[in-house]
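Data first, discussion second: the structure below is written as structure tokens.
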Amino acid sequence: MGKKISIDSATMMNKGLELIEACYLFGIHQKNIDVVIHPESIVHSCVEYMDGSMLAQMGTPDMRTPISFTLAYPERIKTNVQRLNLSEIKKLTFFEPDLNKYPCLQLAYNSLEIGKSAPTILNAANEVAVQRFLEKKIKFLSIASVVEKTLNNSSISSINSIKDVIEVDKDSRDLTNSIIKSGSY
């Protein structure tokens with residue numbers, strides 16, 4: 001994994017961004033999506049059907065599998081990815097994330113609830129905050145507070161075009177940089 005996704009994994013912002021993606025791409029309300037922590041990293045997603053049964057996508061934790069699927073969609077192609085051996089799996093554990101421990105995930109939930117430009121603001125603020133952390137300009141534990149302050153100090157607006165997204169993104173990045181520069185987070 002690269003540095004950015006490693007930080008987003010540690011803050012759980014990656015799960016927050018995936019939640020936002022799923023809601024927008026599939027038109028599903030966030031209340032119908034459960035985010036869980038799965039330490040074994042074998043189950044990558046589950047879909048629950050109306051009858052209560054579930055279909056899980058399982059595999060070794062290797063991004064080459066989803067990348068190959070994306071490149072070949074709707075087909076599947078052979079890869080050299082290590083195969084999952086079900087008989088070697090001793091247990092599969094899942095638990096709800098502690099939103100106090102992972103405030104970035106809570107901020108993602110909040111941005112979805114607010115809607116409009118809030119998810120764009122969240123993403124832009126997070127990208128800037130993570131970059132400033134990697135540059136040693138802010139502490140790891142400051143990432144969430146910087147993102148939160150940016151969200152709280154932004155004007156929420158409707159998104160009607162790509163131009164709107166680009167403008168909100170730029171304004172959010174500028175505001176996040178100002179917040180970091182001021183040290184008031």
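The values are calculated or read from the model by the stated rules, or taken from the named source; none is laboratory data. These figures come from a predicted structure and were not determined experimentally. With ideal geometry, Cβ positions are generated from the backbone for all residues, glycine too; neighbour counts draw on all protein chains shown.
Side notes on the structure shown:
- Yes/no for residue 137 being under 21 Å from residue 9 (Cα atoms), of a type in the set (D, E, K, R), out of contact with any His (no Cβ under 8 Å at 6 or more places or on another chain) and at pLDDT 95 or above: yes
- Test result for residue 52, small (Gly, Ala, Ser) and touching a helix residue (DSSP H, G or I) at 6+ places or on another chain (Cβ under 8 Å): no
- Subset of segment 35-62 (residues that are touching a residue at least 24 places away in the same chain (Cβ under 8 Å) and not in a strand (DSSP E or B)): 35, 36, 38, 39, 40, 42, 59, 60
- Each residue in segment 11-61 was checked for being surrounded by fewer than 13 Cβ atoms within 10 Å (Cβ to Cβ) and under 25 Å from residue 122 (Cβ atoms), and 13 of them qualify.
- For the criterion of being among the polar types (S, T, N, Q), touching a residue at least 60 places away in the same chain (Cβ under 8 Å), surrounded by 10 or more Cβ atoms within 10 Å (Cβ to Cβ) and part of a helix (DSSP H, G or I), residue 110 fails.
- Exclusive hit being at pLDDT below 95, small (Gly, Ala, Ser), exposed (fewer than 15 other Cβ atoms within 10 Å of the Cβ) and more than 18 Å from the chain's Cα centre (by Cα), set 184, 155: 184
Yes/no matrix, rows are residues, columns are (1) assigned to a helix (DSSP H, G or I); (2) aliphatic (A, V, I, L, M); (3) in contact (Cβ under 8 Å) with a residue 40 or more places away in the chain; (4) exposed (fewer than 14 other Cβ atoms within 10 Å of the Cβ):
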residue	(1), (2), (3), (4)
104	yes, no, yes, no
150	yes, no, no, no
160	no, no, no, yes
172	yes, no, yes, no
179	yes, yes, no, no
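- Condition check for residue 59: in contact with a helix residue (DSSP H, G or I) (Cβ under 9 Å, 6 or more places away or on another chain) and not assigned by TED's automatic domain parsing to the domain that holds residue 146: yes
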